[in-house]
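Undergrad: Just passing along the structure, written as C-alpha cells.
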Amino acid sequence: MYQNSKQSLGTVEYDENYLKEELYNLLKQDKSIFDFIQNSALDGLWFWDLEYPENEWMNPKFWITLGYDPNQMPHLSSTWQNIINQDDLALALDNFNDHCEDPSCPYDQIVRYTHKLGHTVWIHCRGIIIRDSKGKPTRMLGAHTDVTKLKKTELKLRHQVERYQHIIESTDLGTWEWNMQIDRLICNERWAEILGFTLLELEPITMDTFKKSIHPSDLEKFEKNVAQHFIGETLFYKFEVRVKHKNGEWIWVLNRGKIVSWTKQDEPEWIIRSLQEITQSKKDLEKHKLFIEQAPSAIAMFDKNMCYIAHSKKWKVDYSISEENIIGKSHYEIFPEIGENWKKDHQNCLSGKILSSDEDRFEREDGSVQWLSWKLHPWYKSNNEVGGIIMLTTDITKIKDTEIQLRLSEKKFRENFENAAIGMAILDLKGKWLEVNDTLCSIVGYTSEELLGLTFQDITYSDDLSKDLELFQELLDGDRSYYHMEKRYLHKKGHIVHVILSASIIRDENEKPLYFISQITDITLRVNANQKLKETLAQLEGVLEASTQVSIIETNLEGVITKFNKGAENLLGYKRDEVINKETVKLIHLDEEVLEYGYELSKELGKEINGYDIIETPLNRQKHLNKEWTYVKKDGTKFPVQLATTAIKINNSITGYLRVATNISEIKEVEKEIKSLLQVAMNKTRDSKTLLISYLII
C-alpha cells in the first residue's frame, strides 16, 4: 500500500474518475460497503487501486478537512503521503500488511496530517480490503474522521492530571480515597507521615484506623460534618480536629472531603479526602487572639466565613455591642446594616488584598451615622493560605462632624472672600482662575472678567513659575496641605508686582481634589523700600570703607564697638576683629582727659557724671556733639582728633552712637606755628610802639 511513490510502477489508462464509477457500482452490488461508508466516512473518503498503487481517489471532503482545494489535488497516493507524519505512516503500513494477511486484524489507527496552514490535524483512519474472487486484495476503501478536538482535549486532560498530581505533591497534603461499600482506604505516604507512621505500620487501613486517632472531644464534630455531606447539605465537608500522633501528642489537622461516585442504588461509594497538619497555625492563631483581645484599639479577627474569632474590648465599646458573647457569630448578624460595598471589600481582602480607607460613612441600623477610618488585612495559616481577616477601625465621627460644620460656614467664607483687604481667589486643578475678589484685581491690574479667562501661570513672572508649579503639584498630589511663597506677578501694565502667596486645596468627602484657594498679599512697597534700604546701606558701607583717613566707629548704648572702618584701622593701628564686640571706646581715649571732661559736665549739670556716660551724656540733650579729643593708638602714641558724635535713633529711641574722627595733628602744628608767629609779631609791635613813644617824648 505505502510503497515509495517514486518507484516505477505499471499503470493502466483509466478515465480520471474510473475508481469513483467502480465504487458506485460496488455500492449497488454490496450493501455492506454502503453501510461502512454511512457509519464511517465523516471527514474524508478514499478508494485505492492496490494493483496500481499510485492511483487513488479521494473525495473532496478528504482534502477540505486538510485545508486544500480538491480541484487542485491529483488523485495520487503520493500526494497525501507527503503531508502525513512519517512515524504514523510506518504504523499505518504495518497495520495495512497485517490487514492484508488477516482480514480479522482491523485497519484502524489515528494518524497526524499537516494542515495546509501548518498546524496538525489528528485523523481517525479506518479501512477495509476488497478482494477478487480468488481472495487477492485488489482495492481498499478508507474513511477519515477528524478527531483533532478530541485529541487536544485528551492531551489537555492528561496535562491537567499530571499538573494536579504535582500540585498535590507540592502542597504536602495527605490524601486518601475511601470506598465506603467495602471500607477500603487508599492513602499516600504523606497521610501516614502526618500521624508519625509509615503506611506499612498502619496496615490494614480502614476508616476505624483514622477514627481511633481522633480526639474524643472532636469525634462528634467529625461524624456530624461527614453525615451532613452524605445527605447533600454541603457540597464538600471541611473541619478541624485533633488527632493523636505516634509520639503521643495531639496535633491539629484540617480534614477536607467530597463524594465523587455513587452506587446504582444511589449510595455514596468513593470519597476523596485530604489531610493537612495545622498545629503551628492553631498556635499562631491563639497568639493573635490573645493580642487582639488585649489591644487598646477597636480590632477584630474573623475566619473566612466572617465569623468572629476574637475582638478587643474597645471594639464592643465603639460599636455599642451589648451582646455578651459574639465569638463564633457572623459579622453580618451583629451588623445587619452592612452594605454590599463593605461585603465586597471583605471578599477582596479574603482573596489576599490589603485594603484601607481614611474616611468612610457607616449608617447604623438605628439611622445614626458613624464615620470610620479602617484597615483590612488578611491573616494566613502556616501553609500560606488565607485564614480570614483582621479588621482595625477608628471612630472619627467627632472629627468628621467638626469638618462638616466648617464646610457649612461657606457663606461666612464667601463674605470674607469678597470683602478681604488682601487678594483672594479660587482656582481649578489646572490653575485657571474661577473666582477672584476686587483686591486681587487691583493688585494685578486686570478686571475680574479678564482674570477669569487666564491661569495663574499666564501672569506669573517666568523666573518664579517653576517653583510655584512644583509646590502646586505637591499640593495636588497630597504631599502637602498648603504652601507659602514670595513671588512676582506681571501687572497688566507690564511692571512687576511682588506678593506673598498662600495656597491650600479643598477636597471632597472621598479626598478627591476639588479646587485651590489662594491668598495674595501685595508687598511691592515693602520690597521696593527694602531694596532702597539695601542700596543706601551699600552706599554707606562704601563710604565707610572709602574713608581710609577718617575714623568711623559705631557703638551700642554700653559703648561696645560694633563697627570699625578702614580709616579707624589706619589711624589707631587696631584690626576690626580685635575690637568689634570686644572693646569699648575707652580703649582709645585718655583717662585723664575723660575725667576732666566729666568734672566739667558734673559741674554744669549739677550731678556726678562718670564712666562711659561722660562721653555720651551730652548727646541725650542734643543731636550732635563736636569736640576735640586725644586718641591713643595701639602702640601708645597719642594724636588729636576732631570728633563728631551722633546718636543713632530707631523709632525715636537711641540705639547707639556714630563717632566720626579726623586727625588734626597737622592743623594743631600749623596752629602752633601761627600762634608763635603772632607772639613774635606782638613782641615786635610792642617794641616799635615803645620806640615811637620815646621818639615823641624827645
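Undergrad: Within the bounds of region 400-417, is there any residue that is surrounded by 12 or more Cβ atoms within 10 Å (Cβ to Cβ), closer than 14 Å to A503 by Cβ, free of Cβ contacts under 8 Å to residues at least 40 places away in the same chain and of a type in the set (D, E)?
TA: No, every residue in region 400-417 fails to be surrounded by 12 or more Cβ atoms within 10 Å (Cβ to Cβ), closer than 14 Å to A503 by Cβ, free of Cβ contacts under 8 Å to residues at least 40 places away in the same chain and of a type in the set (D, E).
Undergrad: Of the residues L625, L601, L643, which single one is at pLDDT below 85, within 25 Å of N570 (Cα to Cα), surrounded by 16 or more Cβ atoms within 10 Å (Cβ to Cβ) and of a type in the set (A, V, I, L, M)? If you could, list the steps in order and put the result at the bottom.
TA: Numbers: L601 fails: within 25 Å of N570 (Cα to Cα); L643 fails: at pLDDT below 85.
Step by step, each of L625, L601, L643 is checked, and only L625 is at pLDDT below 85, within 25 Å of N570 (Cα to Cα), surrounded by 16 or more Cβ atoms within 10 Å (Cβ to Cβ) and of a type in the set (A, V, I, L, M).
Undergrad: Sticking with this structure for a sec: Would a scan of region 660-676 turn up a residue that is modelled with pLDDT of 80 or more, surrounded by 11 or more Cβ atoms within 10 Å (Cβ to Cβ) and under 60 Å from the mean Cα position of the chain (by Cα)?
TA: No, there is no match, as no residue in region 660-676 is modelled with pLDDT of 80 or more, surrounded by 11 or more Cβ atoms within 10 Å (Cβ to Cβ) and under 60 Å from the mean Cα position of the chain (by Cα).
Undergrad: Give me the pairs, please: first residue somewhere in region 319-333 and closer than 16 Å to D366 by Cβ, second residue anywhere and β-branched (V, I, T), beta-carbon distance under 7 Å, and either six or more positions apart or on two chains.
TA: These pairs meet every condition: I321/I334.
Yes/no per residue for (1) among the aliphatic types (A, V, I, L, M); (2) in contact with a His (Cβ under 6 Å, 6 or more places away or on another chain); (3) within 18 Å of E511 (Cα to Cα):
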position: G328; (1), (2), (3): no, no, no
position: I338; (1), (2), (3): yes, no, no
position: Q347; (1), (2), (3): no, no, no
position: S351; (1), (2), (3): no, no, no
position: G367; (1), (2), (3): no, no, no
position: K375; (1), (2), (3): no, no, yes
position: I390; (1), (2), (3): yes, yes, no
position: D401; (1), (2), (3): no, no, yes
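Undergrad: Next up: What are the residues in region 363-388 that are of a type in the set (D, E, K, R), under 23 Å from S297 (Cβ atoms) and out of contact with any Phe, Trp or Tyr (no Cβ under 9 Å at 6 or more places or on another chain), if any?
TA: First pass over region 363-388, keeping only residues of a type in the set (D, E, K, R): 363-366, 375, 381, 385.
Imposing the further condition that a residue be under 23 Å from S297 (Cβ atoms) reduces the set to 363-364, 375.
The answer is E363, K375.
Undergrad: Another question about this same structure. Might you let me know whether region 190-204 holds any residue that is small (G, A, S), within 13 Å of Q276 (Cα to Cα) and buried (at least 19 other Cβ atoms within 10 Å of the Cβ)?
TA: Within region 190-204 (the criterion being small (G, A, S), within 13 Å of Q276 (Cα to Cα) and buried (at least 19 other Cβ atoms within 10 Å of the Cβ)), the answer is yes, since at least one residue qualifies.
Undergrad: Could you grab me the full set of residues in region 282-305 that are closer than 30 Å to W191 by Cα and crowded, with 20+ Cβ neighbours inside 10 Å?
TA: Of region 282-305, the ones closer than 30 Å to W191 by Cα are 282-289, 302-305.
Scanning region 282-305 gives L285, F302.
Undergrad: Would you check if G542 is part of a helix (DSSP H, G or I), of a type outside the set (V, I, T), at pLDDT below 90 and surrounded by 12 or more Cβ atoms within 10 Å (Cβ to Cβ)? First the steps, then the outcome.
TA: Details: part of a helix (DSSP H, G or I): yes; of a type outside the set (V, I, T): yes; at pLDDT below 90: yes; surrounded by 12 or more Cβ atoms within 10 Å (Cβ to Cβ): no.
Here the answer is no, as G542 does not meet what is asked.
Undergrad: Something else now. Contact list please: Cβ distance under 7 Å, first residue in region 546-561 and surrounded by 19 or more Cβ atoms within 10 Å (Cβ to Cβ), second residue assigned to a loop (DSSP other than H, G, I, E, B) and modelled with pLDDT of 85 or more, pairs at least six apart or on different chains.
TA: I552/N565; I561/I580; I561/E583
Undergrad: Which fully enclosed helices (runs of 4 or more DSSP H) of region 398-485 have 3 or more residues being closer than 30 Å to R361 by Cα and under 28 Å from the mean Cα position of the chain (by Cα)?
TA: Numbers: elements: 410-419, 438-444, 448-451, 456-459, 462-477.
Fully inside region 398-485 and qualifying: 462-477.
Undergrad: Further question: Would you tally the residues in region 25-82 being of a type in the set (S, T, Y), farther than 17 Å from V121 by Cα and at pLDDT 80 or above?
TA: 3
Undergrad: Could you list, in sequence order, the residues of region 457-497 that are farther than 19 Å from L429 by Cα, of a type outside the set (A, V, I, L, M) and in contact with a Phe, Trp or Tyr (Cβ under 8 Å, 6 or more places away or on another chain)?
TA: Those that are farther than 19 Å from L429 by Cα, of a type outside the set (A, V, I, L, M) and in contact with a Phe, Trp or Tyr (Cβ under 8 Å, 6 or more places away or on another chain): Y461, K487, R488, Y489, K492.
Undergrad: Select from region 458-476 the residues that are of a type in the set (S, T, N, Q), surrounded by fewer than 14 Cβ atoms within 10 Å (Cβ to Cβ) and under 18 Å from S502 (Cβ atoms) and list them in ascending order.
TA: Just the residues of region 458-476 that are of a type in the set (S, T, N, Q), to begin with: 460, 462, 466, 473.
Narrowing the set further to residues that are surrounded by fewer than 14 Cβ atoms within 10 Å (Cβ to Cβ) leaves 462, 466, 473.
The one that is of a type in the set (S, T, N, Q), surrounded by fewer than 14 Cβ atoms within 10 Å (Cβ to Cβ) and under 18 Å from S502 (Cβ atoms): Q473.
Undergrad: Pairs under 9 Å by beta carbon, first residue over 21 Å from V632 (Cα atoms) in region 590-612, partner assigned to a loop (DSSP other than H, G, I, E, B) and of a type in the set (D, E), six or more apart or different chains?
TA: If the second residue must be assigned to a loop (DSSP other than H, G, I, E, B) and of a type in the set (D, E), the pairs left are S602/E608.
Undergrad: On to the next question. Any chance you could count how many residues in region 343-376 are within 27 Å of E403 (Cβ to Cβ), touching a residue at least 12 places away in the same chain (Cβ under 8 Å) and surrounded by fewer than 17 Cβ atoms within 10 Å (Cβ to Cβ)?
TA: Looking only at that region, the number is 13.
Undergrad: Residues being of a type in the set (S, T, N, Q), within 60 Å of the chain's Cα centre (by Cα) and within 15 Å of Y631 (Cα to Cα): count how many of those fall in region 557-593.
TA: As a first pass, look at region 557-593 and keep what is of a type in the set (S, T, N, Q): 562, 565, 570, 581, 584.
Checking which are within 60 Å of the chain's Cα centre (by Cα) leaves us with 562, 565, 581.
Subset that is within 15 Å of Y631 (Cα to Cα): none.
Qualifying residue count for the region: 0.
Undergrad: Can you report the number of residues in region 193-210 which are at pLDDT below 85 and under 19 Å from L254 (Cβ atoms)?
TA: Within region 193-210, residues that are at pLDDT below 85 and under 19 Å from L254 (Cβ atoms) number 3.
Undergrad: Another question, if that's okay. Restricting the search to region 486-513, which residues are in a strand (DSSP E or B), closer than 21 Å to K400 by Cβ and in contact (Cβ under 8 Å) with a residue 60 or more places away in the chain?
TA: Across region 486-513, the qualifying residue is only P513.
Undergrad: Could you tell me whether L392 is among the hydrophobic types (A, V, I, L, M, F, W, C) and in contact with a helix residue (DSSP H, G or I) (Cβ under 8 Å, 6 or more places away or on another chain)?
TA: Working: among the hydrophobic types (A, V, I, L, M, F, W, C): yes; in contact with a helix residue (DSSP H, G or I) (Cβ under 8 Å, 6 or more places away or on another chain): no.
In short, no.
Undergrad: Looking at region 313-355, what helices (runs of 4 or more DSSP H) fall wholly within it and have at least 3 residues that are at pLDDT 90 or above? Quick ask: steps written out before the conclusion?
TA: Numbers: elements: 313-318, 331-334, 340-350.
Where helices (runs of 4 or more DSSP H) fall fully within region 313-355 and carry at least 3 residues being at pLDDT 90 or above, they are 331-334, 340-350.
Undergrad: Go through region 84-120 and count every residue that is under 20 Å from L141 (Cα atoms) and in contact with a Leu (Cβ under 8 Å, 6 or more places away or on another chain). Write out each step before concluding.
TA: Quick first cut of region 84-120, residues under 20 Å from L141 (Cα atoms) only: 84, 88-113.
If we keep only those that are in contact with a Leu (Cβ under 8 Å, 6 or more places away or on another chain) too, we end up with 109, 111, 113.
Looking only at that region, the number is 3.
The values are calculated or read from the model by the stated rules, or taken from the named source; none is laboratory data. Remember, predicted model here, so these are calculated numbers, not experimental data. Cβ sites come from the backbone with ideal geometry, for glycine too, and all protein chains shown count toward neighbours.
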